[in-house]
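First comes the structure, then the notes that go with it.
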Amino acid sequence: MATEKMELVNINGRLDDLDKAIGAILKSKSFHIEEGFSHSATGYRQLSEKNPYTTLLKRFTVLATGLGTDTQGGDEDKCTLVTPEEFESLYAKISENYDRLDTKRAELDKDIALRSEASLQTSHLKGLNEDISRLFTLEYTSVRFGRLPSDNAKKLKYFERHFFFFPFDDDGAYTYGMYLCPKSEKEETDEIFKTLFFERTRIPDFVKGSALKAYSDLQSEIAEDKKDLELTESQIHELMEKYRSELVHACAKLKYLKGAYALRKQAGVLKDKFLIKGFIPAKNRKELEQAFGGLTEIELTFLPADCDSWLTPPTVLKNSFLTRPFRMLVGMYGLPVYGGFDPTGLVAVTYSIMFGIMFGDLGQGFLVWLLGLFLGRKNKDLGGMMTRCGFFSMVFGTLYGSVFGIEDMLDPMYESIGISQLPVRAFESTNFILFTAVGIGIFLIVLSMMINIVTSFKRKDIESAVFGCNGICGLIFYASIIFAVVATVMLDMKVMSAPFVIFLIVIPLICIFCRVPFTLAVKYKKWKLSEHDDNMTFGGFFVENFFEMFEFLLSYVSNTMSFLRVGGFVMSHAGMMLVVMTLMDGMSKVGQPIVFVIGNLFVMAMEGMIVAIQIIRLEFYEIFSRFYVSGGKEYIPVTPELVNED
Amino acid sequence: MSADATVAKIRTVYGGALKSAEYHEMTNRQSVPELCEYLKTLDRYSSMLAQVEPSTVHRGYLEQLIRKESLVTYRRLSKFQQSGSKGFYSFYIKKRETIQLISFMEMFYAGLNEEFLASVPGYMTEYSRLPLLELSACRSYDEVLKMLRKTEYYKPLKKIQPGGGGAPPLEKAERALRVYYYNSVLSSAKKELSDAEYKQIQKLIGTDVDLINYTNAYRMRKYFSLSGEEIEKRSLPFSRIGKQKMQQLYQTDDPEDMERFIDKTIYRNDEPDQTIESRNTKTRLALVRHVIEITTSAAAALYAYMMICDIEAANIIHIIEGIRYKADLSEIEAQLAV
């Protein structure tokens, strides 16, 4: 239940070989990179340089977007280009053709939009039987057609200028119309309308005659433009088809190169030398050496993980196939520190068994198991947890004789092997179930305390190991109280003798109360009431520890009683299924299977969820809080996939 | 409406704020019409841009519509809170009015009244009770005061008028309007909200002003080499980290010292490659987001959310400018506050 052993690796070389080193690191897929210019590498500084691939990648992405393809799904290995210049020339090759077509497309788009606007304008002028072209041949007056935002049309009356605006139509957002102004003031008036976001509609020169004729001419012109646009679009599509794979692979390669180049910032540089620091799991050492195989000019130094006090080794949980899915829960609480106790195995066993006890049903457990197998394809950890929990649910369901809430379905099977009465029946063995639940709780609390004692000794934390409420003193006190209660109440034994009370209850309590001064006395051979506060008075010490003691004692009781919920859920499951069965009895023969299925699904979903959450609570508050030291750093190896993500 | 419901509503709306993937898509466009086309596909802007024709829309109008969307969202949220448009909840209208008045002052002092008339967003006349369009007819400071006589902006502008009449210096007028805005929001918050809510609003304003003051101080020191006293004189008198600390900031020797000083405060930003404006906007966004995520006050949530809306609008306008001037879009993307 320990964490994976790690090694600190220093990679040194000439600055020219930095990219090669990064390439090898990415190839090894197991290197957790640290800052090579940190405090422990005196003199080394961070590289300050612009990533040349960032701009290139953006340009390629913009090009791909323009061509109508996305950049996903490329394979960087299929692109042989490496240097920015090579990418530039590919870009130039594709964009040379694309730019021409894109410009044509934009022009046609604009043309169609303008003509559509003109067509719209002329449609508003249909009542005008005058020849439109005459409006543009007026000697002293200029005419402009178009539209402007309706909000801005309100401003026109505030301009003290010589123009008239004639609105034709208003669609709420835009006001359509034309303005007239003296030719001598045309430029100024145009400028004013431009600042009011007037979108001018150019009535083509060829539009002559009445508005009606102009309208039909424009319609045919638009149709022609649309045909041209279709052709241009198909040419762009052809271009895209021609270069798509090259473009997509180039984008993938650029993404990789950009990410790899960004890693250069992690290196420390001193003159023409570089230093990269990082961690690898000790078992991956050979793989890293192989990745650097041909690079004899780059030097690898393997050191113990904790030899650099500025760097914290990352934590890799070491779990077997059976317990691995439960690392998700441990991760939620916080990773253990490097070299600390990894509780995943303990969680796997306790979580699965408690789930089985609280959700014991052969049929429903089987469905949870099946669901786990299905979900496991998408989320391995969640699926794995569900299959294990489902399995234990089936085991305990068999013991309870419960199948989809039918509590006597397995009776014939038990009778055939000679068992006439099942030991656990939810409503017949209430006391047994509740006492067992508390018993499980006591066992788990004692186990947690023992783990705390061992791990605290390893950390050389005397206070926690010996004098703490979860240390040796706490264990003696808790175990003695439990023993005394069980012996007196259940076994009718008289154990509360004076030596028992003094040595197993009072002295441990005094030790817990005075844990700080006692620890300081052991560590420094000096009597002090507080480690950090030299001015701590006895009064202050007493009040502080009195309330803490009160909390410790209360938590021994509340934590133990907290496990009653394990038994409570055994009965609640049976109770809820009893409701389903009662509802079923009141239904017709057609309705009964429906109620049975819906009832089972409802109980499974609701109770399954509540049980899962309650056990997490028990694990985190009742068990983890006694021994677990989190604060570990996540192990994130740099891999090509990780580099491609950003 | 209960504050909880409003906070929940604001958080829901905030969930629909633009994400980095959407900004990334925007910077993948190489022309304003393409960008406009893309914006029309986003829920956030689709209804506002429904009638806009991407191929002919004016860039300036597109920018105005993006800013208008913030105002429409604000109106919708304050209506949900059933807070009306008076008192504290009119803060955003006041902010936009203040911006327009400052813009007017700048153009009025330069004799460009007609340009102001053209530049004032038309939709502001629906939301504001100020005679914004009529202001363009003013030819003297006295006429401006007369026009604003019945508005709340009269007093602060009148107060700075020199004894013998005439117009005060432009920077004084600008500062008076800004100070009045923050003071009026704070005083209405103090009157109408609980102490805890008032403190949150005070913190938000303090953050906003600290970063504005820091940006201005940095520029004044770097480009105009102004002294600490001169910078302080031009700064706004509100702060989250305390006036004393801000004074210490103004007294630092050079811009690099200013950065080092700021790094020791809550405004620390670890992105050295960015411009001062970009870094400060990112810091502002991070601090404001935190408020939305934890507050239980409808007033604080709305104030914070409107700050986010402004940052979002500024981001899009930054992209539009980048596309228009053919700037390196990867650089533009890196500078966005996301």
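The values are calculated or read from the model by the stated rules, or taken from the named source; none is laboratory data. In this text, all values refer to a predicted model and were calculated from it rather than measured experimentally. Cβ: placed from backbone, ideal geometry, glycine included. Neighbour counts: every protein chain shown.
A few points about this structure:
- Matching residues in region A:357-367 - criterion: being assigned to a helix (DSSP H, G or I) and either in contact with a strand residue (DSSP E or B) (Cβ under 7 Å, 6 or more places away or on another chain) or crowded, with 24+ Cβ neighbours inside 10 Å (or both): A:357, A:358, A:362, A:363, A:364, A:365
- Region A:299-315: number of residues that are assigned to a strand (DSSP E or B) and either within 21 Å of residue A:335 (Cα to Cα) or among the hydrophobic types (A, V, I, L, M, F, W, C) (or both): 6
- Hey, residue B:79 in a helix (DSSP H, G or I), without any contact (Cβ under 8 Å) to a residue 24 or more places away in the chain and away from chain A (no Cβ under 14 Å) or not: yes
- Segments classed as helices (runs of 4 or more DSSP H), wholly inside region A:538-633, with at least 1 members that are among the charged types (D, E, K, R), under 24 Å from residue A:481 (Cβ atoms) and touching a Cys at 6+ places or on another chain (Cβ under 9 Å): A:538-562
- Annotation note: of A:275, A:257, the sole residue that is in contact (Cβ under 8 Å) with a residue 24 or more places away in the chain, closer than 30 Å to residue A:57 by Cα, assigned to a strand (DSSP E or B) and not basic (Lys, Arg) is A:275.
- Test: residue in region A:102-114 that is buried (at least 18 other Cβ atoms within 10 Å of the Cβ), part of a strand (DSSP E or B), touching a residue at least 24 places away in the same chain (Cβ under 8 Å) and in contact with a strand residue (DSSP E or B) (Cβ under 8 Å, 6 or more places away or on another chain): no
- The set of residues in region B:224-239 being within 23 Å of the chain's Cα centre (by Cα) and free of Cβ contacts under 8 Å to residues at least 24 places away in the same chain consists of B:231, B:232, B:233, B:235.
- Among the residues of region A:193-248, the one identified as in contact with a strand residue (DSSP E or B) (Cβ under 7 Å, 6 or more places away or on another chain) and hydroxyl-bearing (Ser, Thr, Tyr) is A:201.
- On the stretch given as region B:39-76, residues that are small (Gly, Ala, Ser) and within 17 Å of residue B:22 (Cα to Cα) total 1.
- Test: residue in region B:18-38 that is farther than 18 Å from residue B:332 by Cα, more than 9 Å from chain A (Cβ to nearest Cβ) and among the small types (Gly, Ala, Ser): no
- Selected residue (criterion: surrounded by the fewest Cβ atoms within 10 Å (Cβ to Cβ)) from residues of region A:120-150 that are at pLDDT 85 or above, in contact with a Gly (Cβ under 9 Å, 6 or more places away or on another chain) and over 15 Å from residue A:191 (Cα atoms): A:150
- Selection within region A:611-641 - over 23 Å from the mean Cα position of the chain (by Cα) and closer than 19 Å to residue A:362 by Cα: A:611
- Residue within region A:302-315 that is surrounded by fewer than 20 Cβ atoms within 10 Å (Cβ to Cβ), under 30 Å from residue A:388 (Cβ atoms) and modelled with pLDDT under 90 present: no
- Evaluating residue B:88 against the criteria (1) touching a residue at least 12 places away in the same chain (Cβ under 8 Å); (2) surrounded by fewer than 20 Cβ atoms within 10 Å (Cβ to Cβ); (3) within 20 Å of residue B:305 (Cβ to Cβ); (4) hydrophobic (A, V, I, L, M, F, W, C) leaves one unmet condition, (2).
- Taking the listed residues A:118, A:153, the one that is within 14 Å of chain B (Cβ to nearest Cβ) and in contact with a Lys or Arg (Cβ under 8 Å, 6 or more places away or on another chain) is A:118, with no other qualifying.
- Residue within region A:40-48 that is at the interface with another protein chain (Cβ under 10 Å from one of its Cβ atoms) and out of contact with any Lys or Arg (no Cβ under 7 Å at 6 or more places or on another chain) present: yes
- Single unsatisfied condition, residue A:137 versus (1) β-branched (Val, Ile, Thr); (2) in contact (Cβ under 8 Å) with a residue 60 or more places away in the chain; (3) more than 14 Å from chain B (Cβ to nearest Cβ): (2)
- Residue check for residue A:200: within 19 Å of residue A:113 (Cα to Cα), at pLDDT below 90 and touching a Gly at 6+ places or on another chain (Cβ under 9 Å): yes
- Verdict on residue B:261 being surrounded by 21 or more Cβ atoms within 10 Å (Cβ to Cβ), hydrophobic (A, V, I, L, M, F, W, C) and within 30 Å of residue B:199 (Cα to Cα): no
- Residue tally, condition surrounded by fewer than 18 Cβ atoms within 10 Å (Cβ to Cβ), among the polar types (S, T, N, Q) and either touching a helix residue (DSSP H, G or I) at 6+ places or on another chain (Cβ under 7 Å) or under 10 Å from residue A:251 (Cα atoms) (or both), over region A:70-94: 1
- Restricting region B:128-138 to residues that are assigned to a loop (DSSP other than H, G, I, E, B) and within 12 Å of another protein chain (Cβ to nearest Cβ), the residue that is surrounded by the fewest Cβ atoms within 10 Å (Cβ to Cβ) is B:137.
- Scanning region B:43-70 for residues that are polar (S, T, N, Q) and either at the interface with chain A (Cβ under 9 Å from one of its Cβ atoms) or not in a helix (DSSP H, G or I) (or both) returns B:47, B:51, B:55, B:56, B:64.
- Among the residues of region B:1-53, the one identified as farther than 27 Å from residue B:293 by Cα and of a type in the set (Phe, Trp, Tyr) is B:38.
- Residue B:254, sole failed condition from (1) within 17 Å of the chain's Cα centre (by Cα); (2) more than 28 Å from residue B:26 (Cβ to Cβ): (1)
- Filtered residues of region A:237-281 (kept if hydrophobic (A, V, I, L, M, F, W, C), more than 32 Å from the chain's Cα centre (by Cα) and closer than 23 Å to residue A:81 by Cβ): A:239, A:240
- Residue in region B:237-258 that is at pLDDT 85 or above, crowded, with 21+ Cβ neighbours inside 10 Å, in a helix (DSSP H, G or I) and among the basic types (Lys, Arg) present: no
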